[in-house]
1. Mind checking which residues of segment 160-179 are among the polar types (S, T, N, Q) and in a loop (DSSP other than H, G, I, E, B)?
2. If you take the residues in segment 77-98 that are under 23 Å from Asp234 (Cβ atoms) and acidic (Asp, Glu), which one is farthest from ligand 1 (Cβ to nearest atom)?
3. Out of the residues in segment 232-288 that are among the small types (Gly, Ala, Ser) and out of contact with any Leu (no Cβ under 9 Å at 6 or more places or on another chain), state the one that is farthest from ligand 1 (Cβ to nearest atom).
4. When you scan segment 47-86, how many residues do you find that are charged (D, E, K, R), within 16 Å of ligand 2 (Cβ to nearest atom) and touching a helix residue (DSSP H, G or I) at 6+ places or on another chain (Cβ under 7 Å)?
5. Mind checking which residues of segment 26-46 are under 18 Å from Val82 (Cβ atoms) and either in contact with a Cys (Cβ under 9 Å, 6 or more places away or on another chain) or within 16 Å of ligand 2 (Cβ to nearest atom) (or both)?
6. In the list Leu182, Leu154, which residue meets the criterion of being touching a helix residue (DSSP H, G or I) at 6+ places or on another chain (Cβ under 6 Å), farther than 26 Å from His271 by Cα and part of a strand (DSSP E or B)?
7. Would you be able to tell me the number of residues in segment 80-106 that are within 16 Å of ligand 3 (Cβ to nearest atom) and out of contact with any strand residue (DSSP E or B) (no Cβ under 7 Å at 6 or more places or on another chain)?
Amino acid sequence: MKTTLSVIKADVGSIGGHIKPSARLKTTVENHVRENGKKLLIDCYVSTTGDDIAILMSHERGVNDPKIHELAWDSFMAGTKVAKEQGLYGAGQDLLKDAFSGNVRGLGPASCEMEFEERPNEPFLFFAADKTDPGAYNLPLYLGFLDPMHCAGLLLSPKMSQGFTFTIMDVNHTEGDRVIELNAPEELYDIACLLRDNERFVVESVRSRANNDIAAVVSTSRLHNIAGTYTGKDDPVALVRTQGNFPATGEVLSPYRIAHYVAGTMRGSHHGPLMPVKLNSTISFFDGPPIVSCAAFSVSHGRFTEPVDAFDHPFWDWVRNNAAQKAAEIRNQGFSGPAMLPYSELEYGGVVEKMNKLDKRFIVRKDKEAAGNGRKRKAA
Ligand code: F6R
Ligand code: MG
Ligand code: MG
């Protein structure tokens, strides 16, 4: 039997700004999925990370199944109704289109899915990030799968020495999916060359080269590319299978101790450290910092165990302290240089508008002598 895991997530409203969806909203979404998914799903798990709700589903219908996508869409619509009733902030924010049309891709919600033959024991990790975009997973996936400094298995496990294939998407190309497949270790530097640009090139999936088995998938949607304007950050989700031919769970988690700087946080327009948080955490300082949660599962015949909170351990408290320090450090320089995102990535139009206005007031000096004092010289 082949099992499909599908995660579909959206921000359809939250309490007190962008902090956390209400309990009633979450319950409404969950009840809708469970009630209407009885004939479609084997199992499901509904969780929140910051202001987002994610629906993790197992089934046998394969990836991109219209009925599964419709179930998630309708559940978020039902949630939106409650969000509006409760006066939640950003009610229905990520549902960019009025009607469902076969697949949530391009409609606002983020999704990632994988189909595989279950191994006798099948551990996997479900990551959900808030206040950032899909490129946030680039570095952790690169390090967790390809760098023996984090993934000792590349040296120690004969199964892993054949390496991995990375499929990388150019998310700026909106006319269709522009992707490239690169093989590690021989194309390691090419992979790094693309993945350094988190806003444009995003890991879509990772496969084992030992047996071509799917190892990881990431949601690649960029809301500002879909909507053409600010609608919130993309808040990506990812699924990673672990152990056996794949990195161990601890190897996949290892790079998150860096709390590397990613795009996002306040108004989706700054850099902040990616803080690994406990499940169901909220958003706080400077509408951030960007957060990532990780629920570890085992699955058998599509049935999930209870989730284990992978970042709920004293070690990660130390990481969170470091991340807080990194957040404060970059905030010390406010809007200056790398603290704020470059022009093309700003999620609000204010700077662009100001620049257009100021542009008209710039002058090019004609008189060489006038240079240096900022004022025109009086004619002699
Ligand atoms: C970032 C985010 C928040 C908002 C900010 C202003 O993804 O959602 O930082 O951008 O709270 O919110 P608005 O513009 O909706 O009042
Ligand atoms: Mg939001
Ligand atoms: Mg969000």
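Bear in mind that the values in this text are calculations on the coordinates, not laboratory data. Quick caveat, the model's predicted, so the values are computed rather than measured. With ideal geometry, Cβ positions are generated from the backbone for all residues, glycine too; neighbour counts draw on all protein chains shown.
1. Keep residues of segment 160-179 that are among the polar types (S, T, N, Q), which gives 161-162, 165, 167, 172, 174.
The answer is Ser161, Gln162, Asn172, Thr174.
2. Of everything passing the filter in segment 77-98, Asp98 is farthest from ligand 1 (Cβ to nearest atom).
3. Looking only at segment 232-288, we keep the residues that are among the small types (Gly, Ala, Ser), and these are 232, 238, 244, 248, 250, 254, 259, 263-264, 268-269, 272, 281, 284, 288.
Subset that is out of contact with any Leu (no Cβ under 9 Å at 6 or more places or on another chain): 244, 248, 250, 272, 281, 284, 288.
Working: Gly244: 37, Ala248: 33, Gly250: 31, Gly272: 11, Ser281: 15, Ser284: 11, Gly288: 8 Å.
It comes out as Gly244.
4. Our first condition is that a residue be charged (D, E, K, R); within segment 47-86, this holds for 51-52, 60-61, 65, 67, 70, 74, 81, 84-85.
Checking which are within 16 Å of ligand 2 (Cβ to nearest atom) leaves us with 51-52, 84.
Next, only the ones that are touching a helix residue (DSSP H, G or I) at 6+ places or on another chain (Cβ under 7 Å) stay: none.
Summing the residues that are charged (D, E, K, R), within 16 Å of ligand 2 (Cβ to nearest atom) and touching a helix residue (DSSP H, G or I) at 6+ places or on another chain (Cβ under 7 Å) in segment 47-86 gives 0.
5. Let us first name the residues in segment 26-46 that are under 18 Å from Val82 (Cβ atoms), namely 26-36, 46.
Selection gives Lys26, Val29, Glu30, Val33, Arg34.
6. Values: Leu154 fails: part of a strand (DSSP E or B).
The conditions single out Leu182.
7. Our first condition is that a residue be within 16 Å of ligand 3 (Cβ to nearest atom); within segment 80-106, this holds for 80, 83, 88-96, 104.
Applying the additional criterion that residues be out of contact with any strand residue (DSSP E or B) (no Cβ under 7 Å at 6 or more places or on another chain) yields 80, 83, 91-93, 96.
Result for segment 80-106: 6.
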